[in-house]
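Just below is one structure, and these are the notes that go with it.
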């Protein structure tokens, strides 16, 4: 049986103004995971993602690189219990 998980990410570096959120949404939708992504006032990008653990890990791996114009310096990951509260993946804020 597939393990479903939740992860809260804070992505730092040059991640705003480089289409990070748009490409994150595309990546999440391609993987079939749900949640949201947004810009933070401190210049970081924040995301909450839920889904099959293997696909969530693939998204986290992608987030460490991001789109070609980004320069990711760090990704903080906080794991949590799957809640199933999201339908699809959206850009918020």
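Read-outs: derived from the displayed coordinates by stated rules, not from any lab. This structure is a prediction, so every number in the text was calculated from the model and none was measured. Methodologically, a virtual Cβ is constructed for each residue, glycine included, from the backbone with ideal geometry; neighbour enumeration extends over all protein chains shown.
Of the beta bridges in the chain, as assigned by DSSP with both residues counted there, near 90 percent are antiparallel. Relative to the longest principal axis of the Cα atoms of the chain, helix 53-63 runs at roughly 0 degrees.
Given R₀ = 35 Å, what would the calculated FRET efficiency be for residue 82 paired with residue 30, taking r from the Cβ atoms and rounding to 0.05?
Working: r = 20 Å, r/R0 = 0.57.
It comes to 0.95.
Axis of helix 20-31 versus longest Cα principal axis of the chain: the two differ by about 20°, to the nearest ten degrees.
First check a/c for segment 52-93, with a ≥ b ≥ c the square roots of the eigenvalues of its C-alpha gyration tensor; if it is under 1.5, answer rounded, and if not, answer prolate when a/b is larger than b/c or oblate otherwise. Numbers along the way, then the final one.
Numbers: a/c = 2.02, a/b = 1.50, b/c = 1.34.
Prolate, because a/c is 1.5 or more and a/b exceeds b/c.
With neighbours defined as other Cβ atoms within 10 Å of a residue's Cβ, the residues 27, 50 order from fewest to most as 27, 50. Kirkwood hydrodynamic radius (Cα pairs, Å) of the chain? Answer for the chain: a Kirkwood hydrodynamic radius of 12.9 Å.
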